[in-house]
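Here is the structure we will look at.
None of the figures in this text is laboratory data; all of them are computed from the coordinates on show. These numbers come from a predicted model, not from an experiment. With ideal geometry, Cβ positions are generated from the backbone for all residues, glycine too; neighbour counts draw on all protein chains shown.
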Amino acid sequence: MPELLVIEDEPKLLRILQRGLQEEGYTVVAADNGADGYRFASSKTLDAVILDLMLPDRDGLSVLRELRREGFSRPILVVTARDSVPDRVAGLDGGADDYLVKPFAFSELLARLRALLRRDAIPGGEVTRLAAGNLEIDLLRRRVTRGGEEITLTNREFELLEYLARRLNEPVSRESIVREVWQDTTGILTKVVDVSINHLRRKIERRRWPKLLHTVRGVGYCLGDAPCRD
Ligand code: CA
């Protein structure tokens, strides 16, 4: 179920969008100001953002630019009453993927959203990006960022992270990691897994970043915002 963030200060429109999108099967996070919207976008795992440009506190365009500067890579659909050409250009230059002028038909919003979400995936519906909290993995460019900051991983660490991220919030056994990531069927490399996990953990959990890589006692490991149940 795709998760969307809607940043819109008009209460009535926000309610309509929220309800309509939920009826279409989307999970919706709502923000009625730029500061909350920015905070949600940089801390949550989202599939797309719908962003109003005229907001009471901070300008939507500045939210847009800052998110892009920090490496936020999901589609952003800008929705605004500003319909002049310079505003459209500024929106697109600022990193918007598409632009919709108010008032708009809800069906058009849905169509554009579907197109953006489709474009975000490579043909065949294969996933090109994975995320855990504010950690993002670009599978095509083999690039990892957390809070927009690039993290350099070795090939093996990248594969390990990808393997765990594809099983988000699920405990993964060391045996399966060794088999799938190291292609070792003998199981003698399980100690190597622990060492690599420690290296990976140090890289993705430095500074004040919240814990993402959890040890599941007697099982193995789990990647997720919260400790996973086994
Ligand atoms: Ca507005």
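When each pair of different Cα atoms in region 129-223 is counted once in the 1/r mean, what is the Kirkwood radius in angstroms, to one decimal?
13.4 Å
Using Cβ contacts closer than 10 Å as the measure, can you line up 191, 211 from fewest to most?
191, 211
Taking the Cα atoms of region 3-119 alone, what are Rg (to one decimal) and Dmax (as a whole number) in Å?
Reported Rg and Dmax, both Å: 12.6, 34.
Based only on other Cβ atoms within 10 Å, what is the fewest-to-most ordering of 228, 222?
Values: 228 18, 222 22.
With the fewest neighbours first, 228, 222 line up as 228, 222.
Taking +1 at the Cβ of each Lys and Arg and -1 at the Cβ of each Asp and Glu, which of 30, 100, 6 sits farthest along the dipole of region 1-138 towards its positive end, judged by Cα position relative to the Cα centre?
Positive-most Cα among the choices belongs to 100.
About the Cα centre, and with charges only on the beta carbon of Lys, Arg (+1) and Asp, Glu (-1), how big is the dipole of the chain? Nearest 20 debye, please.
Details: 37 positive and 37 negative charges, 156 e Å.
Around 740 debye, computed over the chain.
For 168, 64, which order do you get if you count the other beta carbons within 10 Å of each Cβ and list the fewest first?
Fewest to most other Cβ atoms nearby, the residues stand as 168, 64.
Lysines within cross-link reach of residue 102: Cα-Cα under 21 Å, excluding same-chain residues under 8 positions apart?
12
When the Kirkwood radius is taken over all Cα pairs of the chain, what Stokes-Einstein diffusion coefficient follows at 25 °C and 0.890 mPa s, in µm²/s? Please list the in-between numbers first.
Details: Rh = 19.0 Å.
Rounded, D is 129 µm²/s.
Note down the magnitude of the dipole of region 129-223 about its Cα centre, charges +1 on Lys and Arg C-beta and -1 on Asp and Glu C-beta and zero elsewhere, to the nearest 20 debye.
So the dipole magnitude of region 129-223 works out to roughly 340 debye.
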